Amino acid sequence: MSGQTKTASRGGNARGGNRRARRTRHLDNEGIIPVLARAVREIESEVQRGQVSSQARTRFQVVALLVREERARIKTDTEASESVKAEQLKRLDGVATILAKSAARDTSLLMLLAEDAEVTDAARALKRKMVEAAGLEFVPDEVVAEESGQNAGAWERRVVPRSVVQRQLANPFQRPDFESAAKRMEPKTHRLANWELIGPLLRSFEVANGAPAVLAMPEPATLKTRDGLDMMRHQAQVVSAVQAGHRTFLLADEPGLGKTAQALLAAQAADAFPLLVVVPNVVKTNWAREAQRWVPRRTSTVIHGDGHDIDGFADIVIVNYEVLDRHVGWLGDLGFRGMVVDEAHFIKNRKSQRSQNVLQIADRIRARTVRPLMMALTGTPLINDIEDFTSIWQFLGWINDKKPLSELMARLEETGLTPEDKAFYPAARRAVVDMGIVRRRKVDVAADIPARRIADIPVELDDEAGRSIRAAERELARRLVERYDRVMSARATENRSFGIDEELVRRVAEWERDEASDDNSGENVFSMIRRIGTAKAPLAADYATQLARSVGKVVVFAKHIDVMDKCEEIFTARGVKYSSIRGNQTPAVRERNIEAFVKDPEVQVVVCSLTAAGVGLNLQVASNVVLAELSWTDAEQTQAIDRVHRIGQAEPVTAWRIIAAQTIDTRIAELIDSKAGLAARALDGSEEEITASADIQIEAMVELLTQALRERGL
């Protein structure tokens, strides 16, 4: 993303945006904020019309970048008064609010806010244009990086809460940790010294079938915690392994098997306090509640924003990924003896700032504490590729970005094999598993959890909306064919292929995914899926109403805010009392709505956002889930269903997927299902084939284009 920037002032250079100010004071109609306000209104208008052009998407990303930079500049401005700064921040908040509402209406815009989102040349050009329109001098990222002594994109806004400073002053000397100091020594490597091993290690999970990936753990001496709570056997096994000295875990149990409790009890068994817990924003409150339940003798604190109100002396510090960048400095220096990363698949992209923050803190904890407790929790460790493992392994200290580290390398040396040997792969897989992979399935360890199934409900969209969607699908196919034909016609005759060029088909699909149509009336795969979801919403809501009246409480999941709105309109019209869980709710509102669904017998339905409610919730009071829209990944779909299918569930669980027949919706459902074999083969010992790495969005358009070309006779 954008790099650090500087603003010239009489007091020196301050970090801000890609510009140097020509004025020392912004008036209401001067500076970057009015430019941002005009731009965000244009974005809002397009989103409300339901047709977001590629230019609007670029404008959305640039406005978001400039808002972030301007906010940071204002906060570090030493010349402006506090009242002026407060007014400027208030105006920026207004711009940010419109951005958030726009993203809520068209969730495909959220990808442009991801830390690893690409900033295109068009975005850089627009950014420069907007900065100069504000009367400011644009400073390219490269210059900023050189002058600041940092890599472009390494934006950091660090804070140190006052209570943390008090803790540091109260404990100026941290106790040295000399335990197992020899562990820091690199092993003597002979046979494998010159081998590239990361690839073969990953390959071992693709080709080596057999038993599930589970670390051998001692039988628990008791199923009671220190405070008298009951554990299940699989949970007590992890605690026993910690008591026996194991300190690194990829805890990949299927969702619903109590990974949070296992992590907290493991920290208690290892005396790994203070403990750092990094989680998605939506589960912060749940982690604090679970800590109070499972380790009541330990205090916990949750970091919100800059963390001014946290307890710096707490035993458990809970922070969400979204604000981690502000706290990287002091978190690495506090002296944590353990670190837990929840929903660890969030760090699968090692190049993202989110992953870099997590990995940096983990390295600093290991530098201060020999053999700290390090736990990565995720029920869906593999989203798209077997390479999703690598960032988790690096967090755990098993590998770096180039090779296995000391303990894993020693295990590989002990096999006496090299990647040239066929027997290397099952042995290597076992070596990695013994580092601490723990994967248990509900069917194997929790016999009291009833079965679950996914049932597809095809619906015919035979109204005007359905006809419009099918016409839009034909238009998208036509545009894909045109792009394909343009490339083919530009090739020399001898280079043209007979039949369908599958490589070109995929490249055209990738171009289309990355570049939305320049025509405001054009369709792309994101807008089409949103329109399909909106058209399915009344049918999904009607089906959920029937379920609620016949079998009891129902959980409805949707991806887009307008689909949720439509479902809730139907429930209101049908006299069905419902609750709602959305990403823009405060923690208090969220908890109140969850409690209403769980405890109020009159609240029959809860309408949940796939992204905001797909993790960290216990909704087992219901046994029926309606998926009003499809996710883009099997993992996200599984996480949603497992809000219901988890420990405490007494009834068989059924997830009803509403699928629009005779549309691209059907193909996407098939692609999602084809991805389900990835974790099964890598971790569960399944014989299922792993689908080749592919983005479902691209695959859907590959199918669309291929079918269109076949219909043309190619």
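Close contacts from the stretch 428-443, counting a first residue that is in contact (Cβ under 8 Å) with a residue 40 or more places away in the chain and a second that is among the hydroxyl-bearing types (Ser, Thr, Tyr) and outside any loop (DSSP other than H, G, I, E, B), with Cβ to Cβ under 7 Å and a gap of 6+ residues or different chains, come to 428/204; 429/204; 435/248; 436/248.
Kindly indicate whether residue 410 is modelled with pLDDT of 85 or more, aliphatic (A, V, I, L, M) and either surrounded by fewer than 21 Cβ atoms within 10 Å (Cβ to Cβ) or touching a Leu at 6+ places or on another chain (Cβ under 6 Å) (or both). Answer is yes for this residue.
The single condition from (1) closer than 22 Å to residue 224 by Cα; (2) without any contact (Cβ under 8 Å) to a residue 40 or more places away in the chain that residue 287 fails is (2).
Considering only the stretch 625-683, state which residues are aromatic (Phe, Trp, Tyr) and modelled with pLDDT of 75 or more.
656
Take the residues in the stretch 218-242 that are more than 24 Å from residue 337 (Cβ to Cβ) and touching a residue at least 60 places away in the same chain (Cβ under 8 Å), then tell me which one is surrounded by the fewest Cβ atoms within 10 Å (Cβ to Cβ). Residue satisfying both the conditions and the ranking: 233.
Pick from the stretch 205-217 the residues that are aliphatic (A, V, I, L, M) and either surrounded by fewer than 12 Cβ atoms within 10 Å (Cβ to Cβ) or in a loop (DSSP other than H, G, I, E, B) (or both): which of them is modelled with the lowest pLDDT? Going through the qualifying residues, I end up with 208.
Checking each residue of the stretch 545-557 against the condition of being aliphatic (A, V, I, L, M), over 26 Å from the mean Cα position of the chain (by Cα) and either modelled with pLDDT of 85 or more or under 20 Å from residue 630 (Cα atoms) (or both) gives at least one match.
Is it true that residue 207 is under 30 Å from residue 422 (Cβ atoms), among the β-branched types (Val, Ile, Thr) and touching a Phe, Trp or Tyr at 6+ places or on another chain (Cβ under 8 Å)? Answer is yes for this residue. Residue selection: residue 399 satisfies the criterion of being under 30 Å from residue 353 (Cβ atoms) and either outside the structural domain of residue 203 (by TED's automatic domain parsing) or in contact (Cβ under 8 Å) with a residue 24 or more places away in the chain (or both). Taking strands (runs of 3 or more DSSP E) as the structural unit, those lying wholly within the stretch 253-352 and holding at least 1 residues that are in contact with a Pro (Cβ under 7 Å, 6 or more places away or on another chain) and at pLDDT 90 or above correspond to 316-320, 338-342. Residues in the stretch 472-487 that are at pLDDT below 80 and surrounded by fewer than 18 Cβ atoms within 10 Å (Cβ to Cβ): 475 only. Across the stretch 48-72, the qualifying residues are those that are surrounded by fewer than 19 Cβ atoms within 10 Å (Cβ to Cβ) and in a loop (DSSP other than H, G, I, E, B), and the one among them that is modelled with the highest pLDDT is 53. The listed residues are 429, 453, and the only one of them that is of a type in the set (D, E, K, R) and in a helix (DSSP H, G or I) turns out to be 429. The condition of being among the hydrophobic types (A, V, I, L, M, F, W, C) and assigned to a loop (DSSP other than H, G, I, E, B) holds for residue 221.
For the stretch 567-582, a residue qualifies if it is over 27 Å from the mean Cα position of the chain (by Cα) and at negative phi, and the qualifying residues are 569, 570, 571, 572, 573, 574, 576, 577, 578. Number of residues in the stretch 290-308 that are in contact (Cβ under 8 Å) with a residue 24 or more places away in the chain and either within 18 Å of the chain's Cα centre (by Cα) or farther than 18 Å from residue 269 by Cα (or both) equals 4. Here residue 620 clears all of (1) surrounded by 23 or more Cβ atoms within 10 Å (Cβ to Cβ); (2) outside any strand (DSSP E or B); (3) modelled with pLDDT of 75 or more except the condition numbered (1).
Among the residues of the stretch 337-376, those identified as within 22 Å of residue 242 (Cα to Cα) and under 13 Å from the mean Cα position of the chain (by Cα) are 341, 342, 343, 344. Residues in the stretch 317-330: is at least one touching a Ser or Thr at 6+ places or on another chain (Cβ under 9 Å), of a type outside the set (Ser, Thr, Tyr) and on the phi < 0 side of the Ramachandran plot? Yes.
Scan the helices (runs of 4 or more DSSP H) fully inside the stretch 548-617 and keep the ones with 2 or more residues being of a type in the set (A, V, I, L, M) and surrounded by fewer than 18 Cβ atoms within 10 Å (Cβ to Cβ).
Because the criterion is at least 2 residues that are of a type in the set (A, V, I, L, M) and surrounded by fewer than 18 Cβ atoms within 10 Å (Cβ to Cβ), the helices (runs of 4 or more DSSP H) in the stretch 548-617 that meet it are 587-599.
Residue 422 meets all of the listed conditions (1) closer than 30 Å to residue 203 by Cα; (2) surrounded by 13 or more Cβ atoms within 10 Å (Cβ to Cβ); (3) of a type in the set (Lys, Arg); (4) free of Cβ contacts under 8 Å to residues at least 40 places away in the same chain but one, namely (2). In summary, residue 293 fulfils each of the numbered conditions (1) over 17 Å from residue 226 (Cα atoms); (2) surrounded by fewer than 21 Cβ atoms within 10 Å (Cβ to Cβ); (3) of a type outside the set (A, V, I, L, M, F, W, C) with the single exception of condition (1).
The values are calculated or read from the model by the stated rules, or taken from the named source; none is laboratory data. The structure presented is a predicted model; accordingly, all values stated were derived computationally and were not measured. As a convention, Cβ positions derive from the backbone with ideal geometry for all residues, glycine included, and neighbour counts pool all protein chains shown.
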